[in-house]
Amino acid sequence: SNPTADALARIDGKLAGSSDARARWLAGEAVRQAILAELDKLATGSNAQCALLLYEAMQAGCEFAPAELQVFGEEVVDLIEGQRAAGKVWSLYSVRSGAGAAEGLRRMLLAIIRDLRVVFILLARQLVMMRNAGELDENDRRALAQLTADIHAPLANRLGIWQLKWELEDLAFRYLQPETYRQIAELLDERRNDREAWIAGAAATLRKALGEAGIEADIAGRPKHISSIWRKMQKKGLDFSELYDIRALRVLVRDVPACYAALGVVHSLWPFIAGEFDDYIASPKGNNYQSLHTAVVGPEGRTLEVQIRSHDMHAYAELGFAAHWRYKEGSGADASFERKIAWMRQLLEGRDEQEDDSALLAAFRTDVIEDRVYLLTPKGQVIDLPKGATVLDFAYVIHTDVGHRCRGAKVNGRIVPLTHQPASGDRIEILTGKIAEPRRDWLSTHHGFLHTGRARNKVRNWFKHADRELNIAAGRSVLDREFKRLALHNVELESLPARFHLRSVDDLYEALALGDVTPTQIARALHEGGRDPEPASARVSPPPKPAAPGKDALVIEGVGNLLSVLARCCQPVPGDAVAGFITRGRGVSVHRADCRQLQRLRTLDPDRIIEVSWGGAHQRAYEVNVLVRGYDRKGLHKDVSNVIAAANVHIFAVDARVNPARNEVTMNYALRVADFGQLSSLLAQLHAVPNVIEAERKL
């Protein structure tokens, strides 16, 4: 039987009983036929088309009992469930609702893992919807475009379906940044005739040279995609006129040897531009894309990009798996597909069903949307990771146990810290111990050990299986170390658990041990008073210029609107327990409550001691002294200063002393920070610098 015909017959029977459903069904006919046409190009088979029709009928208002759907087989039921899950992901972007979006993403990924045709249906539908997005109102159009940019285009890219990926990206860009899209489109159109004539001439020259070399090749101008033009302009800081690949040729040859032979001909014809050659045949991209890319100075001194690949590589580049894997009804996925979607399983593995699925959304965006780096194992296997991933992330990709036992790493034969972020092409060797001993500070975002949610989740699961009392003790130790670094004493913690939706201080300690709450969040909570703590991933804004002391800096209790200054002897920072001393002619001098100078003043003249509390302190910057001690090496001072600068912290004085006998260097920095949160994050980053022994606030 024909599943598509059977589905249409069953749908027709359902529509006969509902005029409203029939009207909605007929109204969607043009869109439905367009989606079916895209599925036909992808050769997904009749079961996929059947599942599309049944799902569209449900959306129109037809109701099907589970038994009625089972008639079409488990494959069709799974394909329908995948479409339902994707509908929930849409709610994340819809202005009407956001309920169930993260769970929808989980189910959608699971459905794709079970059957690749789910993603073909989703991409085909999204492409047709984007082609018709101009008919929607502004809010729905932007929401649809954002969903496409965040979910569908990255999925098409990771699965290698570039034919759909490029059009999805361009359509999303058109509606998300309409003015920029229009400007680039006009620039392309203005010079179209001249450019096409120039490209035709360059193609003829290359075709003749390849023929003389005995290389059979198909040569054509390569269409430019507006979204990719914009990304390149942003990434490289170039003007439109400076782009190398506005003028581009695609050369298709018989096999891999012919690719390199053609490259030699191109470089013999025109001088190549250094730094613009990429060999994706020897080192394919993570989505299996293969091609040679080069840029040359072509005729008339104009730049020209040339892409060279075999016909098979080109077919794959256009349709990904659909190019060579025509799905047979009732058969499973092949080994290459299993490798392709392994990242989806990795994304979902070990994830607690009860945890907040917003973490899954964040992990999806990190692992799918971000730029990738392509790294090599010692045996030459290519591993791709999100840009910003560390060597410790790499260890966890190799195997969970390798990550847990990781003690160090070598990049291109050189030992590097676990926070090192490798670049594409680096060869990485993981150094392991015999015992699995992940460290708790690996969970902290500001320590910089892990970038991917997947690796962090593996570490978190390791510690979740530890005894609660051990976690409480570990969390207490983490917080004690943080308070010591910040030079805080006698901190009142009883009010803090409620700020993080926890019941007790012990729960807070356990959350610290598991990485669910970070020391920086607690430091920021102490500083902010009644405001909710920011999530651990929140960026720290650069500190504003120091404000003049006065009523905006402190709330002075019981003495009216007096001038106030921060005491230089102890340099209090928001969050410190403080007290005031009424000076003669300089207003109120504010000291840390444990300041020795304040204790002396309290003994000499107790009547001039007053209570003060922090008010709008977050609006100004504060001076603190930070001590950094480490084993001396070349470049240590530069590395420490770079970390401080990267944290947007201002250095206004520094003093460094070397102890040759102990081979140690002590650096005292006078800094301006915005608050405890920024100081806490900075101290953690400084402690991670190679050779640094300690980094703490100095009183």
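Quick one: which of ASP20, ASP6 is touching a residue at least 40 places away in the same chain (Cβ under 8 Å), assigned to a helix (DSSP H, G or I) and exposed (fewer than 12 other Cβ atoms within 10 Å of the Cβ)?
On the way: ASP6 fails: exposed (fewer than 12 other Cβ atoms within 10 Å of the Cβ).
The match here is ASP20.
Between ALA282, ALA323, the distinction of being modelled with pLDDT under 80 and either within 27 Å of ILE199 (Cβ to Cβ) or over 32 Å from the mean Cα position of the chain (by Cα) (or both) belongs to ALA323 only. Screening GLU611 with (1) surrounded by fewer than 17 Cβ atoms within 10 Å (Cβ to Cβ); (2) modelled with pLDDT of 85 or more gives one miss only, at (2).
Residues in the stretch 146-155 that are without any contact (Cβ under 8 Å) to a residue 60 or more places away in the chain and either farther than 19 Å from TYR181 by Cβ or buried (at least 24 other Cβ atoms within 10 Å of the Cβ) (or both): THR148, HIS152, ALA153. Six or more apart or on different chains, Cβ under 9 Å: which pairs go from a residue in the stretch 201-214 that's free of Cβ contacts under 8 Å to residues at least 12 places away in the same chain and within 15 Å of GLU300 (Cβ to Cβ) to one that's among the β-branched types (Val, Ile, Thr) and crowded, with 17+ Cβ neighbours inside 10 Å? Could you list them? Cβ pairs passing all conditions: ALA204/ILE219. Close contacts from the stretch 26-39, counting a first residue that is over 13 Å from GLN126 (Cα atoms) and a second that is assigned to a helix (DSSP H, G or I), with Cβ to Cβ under 7 Å and a gap of 6+ residues or different chains, come to GLY28/GLU56; GLY28/ALA60. Taken over the stretch 476-498, the residue count meeting the criterion of being over 12 Å from LEU683 (Cα atoms) and assigned to a helix (DSSP H, G or I) is 8. Only one entry of LEU683, LEU601, LEU679 meets the criterion of being outside the structural domain of ASN490 (by TED's automatic domain parsing) and in contact with a Lys or Arg (Cβ under 6 Å, 6 or more places away or on another chain), and that entry is LEU683.
Yes/no per residue for (1) out of contact with any strand residue (DSSP E or B) (no Cβ under 7 Å at 6 or more places or on another chain); (2) modelled with pLDDT under 85; (3) aliphatic (A, V, I, L, M):
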{"residue": "PRO3", "(1), (2), (3)": "yes, yes, no"}
{"residue": "GLY13", "(1), (2), (3)": "yes, no, no"}
{"residue": "ALA27", "(1), (2), (3)": "yes, no, yes"}
{"residue": "ALA34", "(1), (2), (3)": "yes, no, yes"}
{"residue": "THR44", "(1), (2), (3)": "yes, yes, no"}
{"residue": "GLU75", "(1), (2), (3)": "yes, no, no"}
{"residue": "ILE80", "(1), (2), (3)": "yes, no, yes"}
{"residue": "TYR93", "(1), (2), (3)": "yes, yes, no"}
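Of the residues examined, ALA409 is one that is touching a helix residue (DSSP H, G or I) at 6+ places or on another chain (Cβ under 8 Å) and modelled with pLDDT of 70 or more. Tallying residues that are under 10 Å from LEU171 (Cα atoms) and either surrounded by fewer than 18 Cβ atoms within 10 Å (Cβ to Cβ) or modelled with pLDDT under 85 (or both) within the stretch 113-131 yields 1. When each of GLY453, GLY448, GLY475, GLY433 is tested for being of a type in the set (Gly, Ala, Ser) and either touching a Leu at 6+ places or on another chain (Cβ under 6 Å) or in the same structural domain as SER283 (by TED's automatic domain parsing) (or both), the lone residue that passes is GLY475. GLY550 passes every criterion in (1) in contact with a strand residue (DSSP E or B) (Cβ under 8 Å, 6 or more places away or on another chain); (2) at pLDDT below 75; (3) farther than 30 Å from VAL588 by Cβ apart from (3).
Contact map, the stretch 565-582: first residue modelled with pLDDT under 80, second residue among the small types (Gly, Ala, Ser) and surrounded by fewer than 20 Cβ atoms within 10 Å (Cβ to Cβ), Cβ cut-off under 6 Å, separation 6 or more or different chains; pairs are ALA577/ALA593. In the stretch 619-632, the qualifying residues are those that are surrounded by fewer than 19 Cβ atoms within 10 Å (Cβ to Cβ) and modelled with pLDDT under 85, and the one that is nearest to LEU488 (Cα to Cα) is GLU623. When residues in the stretch 210-228 are screened for being buried (at least 16 other Cβ atoms within 10 Å of the Cβ) and assigned to a helix (DSSP H, G or I), 3 of them pass. Within the set GLU482, GLU492, the sole residue that is modelled with pLDDT under 80, outside the structural domain of LEU418 (by TED's automatic domain parsing) and in contact with a Pro (Cβ under 6 Å, 6 or more places away or on another chain) turns out to be GLU482. Against the conditions (1) closer than 21 Å to ALA156 by Cα; (2) without any contact (Cβ under 8 Å) to a residue 12 or more places away in the chain, ILE281 satisfies every one except (2). For the stretch 412-421, filtering for residues that are among the small types (Gly, Ala, Ser) and either at pLDDT 90 or above or within 24 Å of ARG460 (Cα to Cα) (or both) leaves 0.
Yes/no matrix, rows are residues, columns are (1) more than 26 Å from HIS311 (Cβ to Cβ); (2) of a type in the set (Asp, Glu); (3) more than 23 Å from the chain's Cα centre (by Cα):
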residue	(1), (2), (3)
VAL119	no, no, no
ASP137	yes, yes, yes
ALA153	no, no, no
ILE161	no, no, no
ALA203	no, no, yes
ILE229	yes, no, no
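Comparison of ALA436, ALA455 shows that the only residue that is of a type in the set (Gly, Ala, Ser) and under 22 Å from PRO519 (Cα atoms) is ALA455. Contact map, the stretch 392-408: residues that are among the basic types (Lys, Arg) paired with residues that are part of a helix (DSSP H, G or I) and at pLDDT 90 or above, Cβ distance under 9 Å, separation 6+ or inter-chain. Pairs shown: ARG405/ALA395.
Got at least one residue in the stretch 422-436 being at positive phi, in a loop (DSSP other than H, G, I, E, B) and either touching a Gly at 6+ places or on another chain (Cβ under 9 Å) or modelled with pLDDT of 80 or more (or both)? Full working, then the answer.
Step one: list which residues in the stretch 422-436 are at positive phi, which gives 425.
Now restrict to residues that are in a loop (DSSP other than H, G, I, E, B): 425.
So of that shortlist, the ones also either touching a Gly at 6+ places or on another chain (Cβ under 9 Å) or modelled with pLDDT of 80 or more (or both) come out as none.
Checking the stretch 422-436: not a single residue is at positive phi, in a loop (DSSP other than H, G, I, E, B) and either touching a Gly at 6+ places or on another chain (Cβ under 9 Å) or modelled with pLDDT of 80 or more (or both).
Do we have any residue at all in the stretch 352-373 that's modelled with pLDDT of 80 or more, of a type in the set (Asp, Glu) and touching a strand residue (DSSP E or B) at 6+ places or on another chain (Cβ under 6 Å)? There is no residue in the stretch 352-373 that is modelled with pLDDT of 80 or more, of a type in the set (Asp, Glu) and touching a strand residue (DSSP E or B) at 6+ places or on another chain (Cβ under 6 Å).
Report yes if GLY98 is within 27 Å of GLU135 (Cα to Cα), modelled with pLDDT under 80, in a helix (DSSP H, G or I) and out of contact with any Pro (no Cβ under 8 Å at 6 or more places or on another chain), otherwise no. Spell out how you get there, then give the answer.
On the way: within 27 Å of GLU135 (Cα to Cα): yes; modelled with pLDDT under 80: yes; in a helix (DSSP H, G or I): no; out of contact with any Pro (no Cβ under 8 Å at 6 or more places or on another chain): yes.
When the stated conditions are applied, GLY98 does not pass them.
The values are calculated or read from the model by the stated rules, or taken from the named source; none is laboratory data. All figures in this text were calculated on a predicted structure; none of them were measured in a lab. Ideal geometry is used to build each Cβ from the backbone, glycine not excepted, and the neighbour counts take in all protein chains shown.
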